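Taking it in order: structure first as structure tokens, then the write-up.
Readers should treat all values here as calculations from the given coordinates under stated rules, not as data from a laboratory. Values in this document were obtained by computation on a predicted structure and should not be read as measured data. So basically every Cβ, Gly included, is an ideal-geometry build from the backbone, and we count neighbours across all protein chains shown.
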Amino acid sequence: MTGPQASTLPLPRYLLPDNHQVSQGRLSIGGCDLLELAESFGTPLFVYDEEHLRSRCREAVDAFGAGVAYAAKAFLCVAMARLVHSEGMCLDVSTGGELHVALAAGVPGDRLVLHGNNKSMGELRRAMEAGVGRIVVDSFDELDRLDALHAETGARPRVLLRFTPGVEAHTHTYLLTGTDDSKFGFTVSTGAAAAAMDRARSSDSVEVAGVHCHIGSQVFEASSFARAAAVIAAAAEPFGVDEISIGGGLGVPYADGESAPTIAQWGEAVLGAFGAAGVTARVMAEPGRAIAASAAVTLYTVGTVKTIEGVRTYVAVDGGMSDNPRPVLYGSGYEAFLPRAVDSQRDRVVTVVGKHCESGDTLVRDAAVPSDIAVGDILATPVTGAYGHSMGSNYNKILRPAVVFAAGGEARVVVRRETYDDLLACELP
Ligand code: LLP
């Protein structure tokens with residue numbers, strides 16, 4: 001996943017949100033000048049191109065129909081839940097916390113899909129009270145819990161059973177979920193999937209709507225999805241289900257030289273593969289990253305530039321692994337650029353680091369940047385709209401950044417920056 005970053009060329013524009021503009025070398029997103037946003041709202045700052053998010057949602061609905069779900073784990077806040085819902089997508093929530101935010105945003109329960117490999121009784125009960133559209137059942141223990149809840153409440157939720165197809169997609173090991181050796185779902189090859197289906201179909205506790213599968217995340221090759229589709233189609237065939245979901249997982253380019261299928265191309269490949277396997281059930285999907293990742297950039301302020309002759313230059317910014325843990329967790333490659341000079345050559349290679357108290361706190365290992373980068377500059381990393389804010393932390397008691405949605409020249413803060421008092425909110429005397 002680490003991309004080559006040796007080029008001295010300006011940042012390739014295809015890594016920027018759709019609605020960007022460059023005027024006299026300065027970058028705007030959604031009609032808002034990034035340096036002015038940094039000045040008004042402070043840094044670090046997540047800036048989302050709202051229309052970019054909307055157009056990706058529409059592309060997903062066009063490709064799969066109105067049952068397609070946005071995987072909220074990629075990036076969730078009340079404004080995002082409302083945006084996704086208003087564009088006609090369902091929301092996939094994978095915990096009680098994500099469910100809570102989606103409901104607080106006013107998303108109707110029947111537009112929600114509940115995931116999770118270890119859902120608690122509390123999470124299942126809350127989901128059933130909210131009337132969630134689908135529960136994706138992940139284990140026999142969960143079927144036991146649904147039996148207990150049925151005995152208690154009489155409710156009979158519509159469920160999909162998560163099948164694990166034994167397919168290895170080409171991605172980081174931590175992001176693989178479809179291989180036999182997985183904590184997720186009912187394994188097809190061992191017969192567990194068929195046994196779960198037999199049990200669920202003969203149970204009064206659930207109404208089986210279909211089958212679900214998710215092979216992993218940041219997957220670039222449509223052929224990986226096609227292989228999973230073939231296995232799932234064959235495994236589901238004896239049961240005559242109404243609905244099959246291929247899950248999420250479509251990759252996005254993060255660095256110069258990377259490319260990925262569009263949502264429309266992905267949809268064609270997935271629907272084509274199920275069609276070729278003779279599936280007539282409704283085919284669903286739940287993209288997260290492909291909706292949100294390239295919609296946003298993160299703005300930081302450069303605080304120190306340390307050159308060690310013959311070794312490297314460290315450029316330290318005012319965030320780090322607490323707002324983007326992906327480089328540390330997965331070795332993910334990113335680009336960096338200066339919004340004041342988007343068209344400048346990037347002929348200096350530096351290492352962009354954060355302000356956390358550990359050496360591993362790297363954002364971009366070999367970042368090409370303009371040679372006049374200096375303390376006080378606003379530095380940006382593109383493609384940070386997915387799994388950045390959502391995986392953020394308060395490590396070192398660093399405050400979580402604000403999130404801004406920009407559209408039509410207006411910027412609105414949808415998540416405010418944390419304050420030091422927020423750090424004490426859960427402390428008891
Ligand atoms: N559906 C299920 C059941 C999932 O587990 C996931 C992601 C998705 C859909 C959405 O996948 P996407 O379209 O976003 O690839 N933290 C990692 C990614 C973990 C993905 C977990 N599951 C990262 O930063 O790369």
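Please enumerate, by chain and number, the lysines with C-alpha under 19 Å from the C-alpha of K73, excluding those fewer than 8 residues away in the same chain.
Cα-Cα hits under 19 Å: K119, K183.
Report the charge-dipole magnitude of region 383-429 in Debye, nearest 20, computed about the Cα centre from +1 at each Lys and Arg Cβ and -1 at each Asp and Glu Cβ.
Working: 5 positive and 5 negative charges, 27 e Å.
For region 383-429, the charge dipole is close to 120 debye.
Show me, for region 309-317, the HN-Hα J-couplings you get by feeding each phi into the Karplus relation (A = 6.51, B = -1.76, C = 1.60, θ = phi - 60°), rounded to Hz, glycine and proline as x.
Per-residue couplings from phi come out as 3, x, 10, 5, 10, 9, 10, 9, 10 Hz.
Taking 0.36 nm per intervening residue step and subtracting the Cα-Cα distance, what contour gain separates E358 from Y14 on full extension? All intermediate terms of the calculation are to be shown ahead of the outcome.
Working: separation 344, 0.36 × 344 = 123.84 nm, distance 3.27 nm.
Gain on extension, E358 to Y14, equals 120.6 nm.
If I model a spin label at D422 and A374 as a point 7 Å from the Cα along the Cα→Cβ vector, what separation in nanometres do I get?
3.3
Could you tell me how many degrees, from 0 to 90 and to the nearest 10, lie between the Cα long axis of helix 192-201 and the main elongation axis, the longest principal axis, of the Cα atoms of the chain?
60
Which percent of the Cα-Cα distances in the chain go past 28 Å? Intermediate results must be reported in sequence, preceding the final value.
On the way: 45828 of 91806 pairs.
Percentage above 28 Å: 50.
How far apart, in nanometres, would the label points at S40 and D180 be if each is projected 7 angstrom from Cα along the Cα-to-Cβ direction?
5.7
Kirkwood hydrodynamic radius, region 31-140, all distinct C-alpha pairs: what's the number in Å? Write out the running numbers ahead of the final one.
Values: mean 1/r = 0.0664 Å⁻¹.
For region 31-140, inverting the mean 1/r across all distinct Cα pairs yields 15.1 Å.
Which far-off residues, 5 or more places away or on another chain, put their amide H under 5 Å from the one on I373, with H placed in the peptide plane?
none
Let's see if you can work this out: charge +1 on each Lys and Arg Cβ, -1 on each Asp and Glu Cβ, no other charges. What is the dipole magnitude of region 50-293 about its Cα centre, in debye to the nearest 20? Working shown, then result.
Values: 20 positive and 30 negative charges, 67 e Å.
The calculation lands at about 320 debye.
State, in angstrom, two size descriptors of region 311-429 derived from its alpha carbons: Rg to one decimal place and Dmax to the nearest whole number.
15.6, 54
Per DSSP helix of 4 or more residues, -39500 (n - 2.57); summed, then divided by the residues of the chain. What does that give at 222 nm, rounded to the nearest 500? Can you show the working numbers first?
Numbers: 11 runs with 112 residues, N = 429.
Calculated mean residue ellipticity at 222 nm is -7500 deg cm²/dmol.
Using θ = phi - 60° and the Karplus form 6.51 cos²θ - 1.76 cosθ + 1.60, what ³J(HN,Hα) does each residue of region 397-402 get, whole Hz, x for Gly and Pro?
Listing the rounded values in order: 6, 7, 7, 5, x, 7 Hz.
Once you have the Kirkwood Rh of region 50-293 from its Cα pairs, apply Stokes-Einstein at 20 °C and 1.002 mPa s and quote D in µm²/s. Don't jump to the answer; show the numbers that get you there.
Working: Rh = 17.8 Å.
Using the Kirkwood radius from Cα pairs, D works out to 120 µm²/s.
With both bridge residues required to lie in the chain, what share of the DSSP beta bridges run antiparallel, to the nearest 5%?
Working: 33 of 66 bridges.
Around 50 percent of the beta bridges assigned by DSSP in the chain are antiparallel ones.
Given V252, Q265, G408, which one lies farthest toward the positive end of the charge dipole of the chain, if we put +1 on the Cβ of every Lys and Arg and -1 on the Cβ of every Asp and Glu?
Checking the options against the dipole of the chain, the answer is G408.
Going by Cα centres, region 71-142 and region 292-349 are how many Å apart?
That distance is 34 Å.
I want to check the label-to-label distance for S202 and A104. Put each point 7 Å from Cα in the C-beta direction and report it in nm to one decimal.
Each label point lies 7 Å from its Cα, and together they span 4.4 nm.
Going toward the positive end of the dipole of the chain, with +1 on Lys and Arg Cβ and -1 on Asp and Glu Cβ, which of F75, V113, F46 do you reach last?
Selected residue: F46.
How big is the antiparallel share of DSSP beta bridges in region 50-293, given as a percent to the nearest 5?
Close to 5 percent.
Taking every alpha carbon pair in region 222-278, what does the distance histogram look like in 5 angstrom bins from 0, in percent?
For region 222-278, the pair-distance distribution reads 4, 18, 28, 20, 14, 8, 5, 2, 1, 0.
Short version: ³J(HN,Hα) in whole Hz for each residue of region 73-80, in order, from phi by Karplus 6.51 cos²θ - 1.76 cosθ + 1.60 (θ = phi - 60°), x for Gly and Pro, what are they?
Computed from phi, the couplings for region 73-80 are 4, 5, 5, 9, 8, 4, 5, 5 Hz.
So, R0 is 51 Å and r is the distance between the beta-carbons of A148 and E309; what FRET efficiency does that work out to, to 0.05? Numbers along the way, then the final one.
On the way: r = 67 Å, r/R0 = 1.31.
FRET efficiency, A148 to E309: 0.15.
For a Förster distance of 30 Å, can you work out the FRET efficiency between the beta-carbons of A192 and Q265, rounded to the nearest 0.05? Mind dumping the intermediate values first?
Values: r = 33 Å, r/R0 = 1.09.
So, using R0 = 30 Å, E works out to roughly 0.35.
Might you report the magnitude of the Cβ-based charge dipole of the chain about its Cα centre, with Lys and Arg at +1 and Asp and Glu at -1, to the nearest 20 debye? Write out the running numbers ahead of the final one.
Working: 35 positive and 51 negative charges, 23 e Å.
That gives the chain a dipole magnitude of about 100 debye.
Treating the angle as unsigned and between 0 and 90°, give the value, to the nearest 10°, between the Cα long axis of helix 263-276 and the longest Cα principal axis of the chain.
The angle comes out at about 30 degrees.
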